1. Of (1) over 12 Å from the mean Cα position of the chain (by Cα); (2) under 16 Å from residue 134 (Cβ atoms); (3) part of a helix (DSSP H, G or I), residue 111 satisfies all except one. Which?
2. Could you please give the count of residues in the range 116-133 that are modelled with pLDDT under 85 and surrounded by 20 or more Cβ atoms within 10 Å (Cβ to Cβ)?
3. Scanning for something assigned to a helix (DSSP H, G or I), more than 19 Å from residue 133 (Cα to Cα), at pLDDT 85 or above and more than 18 Å from the chain's Cα centre (by Cα), does the range 15-35 turn up at least one residue?
4. Is it true that residue 99 is at negative phi and loosely packed, with under 12 Cβ neighbours inside 10 Å?
5. Six or more apart or on different chains, Cβ under 6 Å: which pairs go from a residue in the range 118-134 that's in contact (Cβ under 8 Å) with a residue 12 or more places away in the chain to one that's outside any helix (DSSP H, G or I)? Could you list them?
6. Looking at the range 51-105 only, could you name the residues that are over 20 Å from residue 126 (Cβ atoms), over 14 Å from the mean Cα position of the chain (by Cα) and not in a loop (DSSP other than H, G, I, E, B)?
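The values are calculated or read from the model by the stated rules, or taken from the named source; none is laboratory data. Fair warning: this is a prediction, and the values are worked out from it, not measured in the lab. Here the Cβ positions follow ideal geometry from the backbone for every residue, glycine too, while neighbour counts run over all protein chains shown.
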């Protein structure tokens, strides 16, 4: 067995709870909670050492959601538009992610959501942060 595989095998006992596709809602909820904590820690720093872990966990969450949760079709901005429409919200109502001008730029594809905005939107709409990650 290669040294890399040996190290991975030893680490897997601890990591499997965080790095496995969730099979039930409690496992899914746990991963969403872990992703929320990671996004708090990472903030806007896309070069943070844990940024790739957050990306991996978002992918695992997405795998569960693809199978078990009906999500809006499309990209993050389409999902945001749909959620705003469903909740009767206008650009001016989205102050937690920025000014009306910033929200306009996002909705028009001129600006991407950052991790802080994703976390705030996730909490506001009670959805997984993965909904807003392209």
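1. Evaluating residue 111 over (1) over 12 Å from the mean Cα position of the chain (by Cα); (2) under 16 Å from residue 134 (Cβ atoms); (3) part of a helix (DSSP H, G or I) leaves (3) as the failure.
2. Taking the range 116-133 and keeping what is modelled with pLDDT under 85, we get 126, 128, 130, 133.
When the remaining residues are screened for being surrounded by 20 or more Cβ atoms within 10 Å (Cβ to Cβ), the result is 128, 130, 133.
Adding up the residues that qualify gives 3.
3. Of all residues in the range 15-35, those assigned to a helix (DSSP H, G or I) come to 15, 25-35.
Filter once more, so that each one left must be more than 19 Å from residue 133 (Cα to Cα): 15, 25-27.
Okay, now just the ones that are also at pLDDT 85 or above, so 15, 25-27.
Subset that is more than 18 Å from the chain's Cα centre (by Cα): 15.
The answer is yes; a qualifying residue exists.
4. Working: at negative phi: yes; loosely packed, with under 12 Cβ neighbours inside 10 Å: no.
Spelling it out, it is not the case that residue 99 is at negative phi and loosely packed, with under 12 Cβ neighbours inside 10 Å.
5. Matching pairs, first to second residue: 132/113; 134/75.
6. Those that are over 20 Å from residue 126 (Cβ atoms), over 14 Å from the mean Cα position of the chain (by Cα) and not in a loop (DSSP other than H, G, I, E, B): 91, 92, 100, 101, 102, 104, 105.
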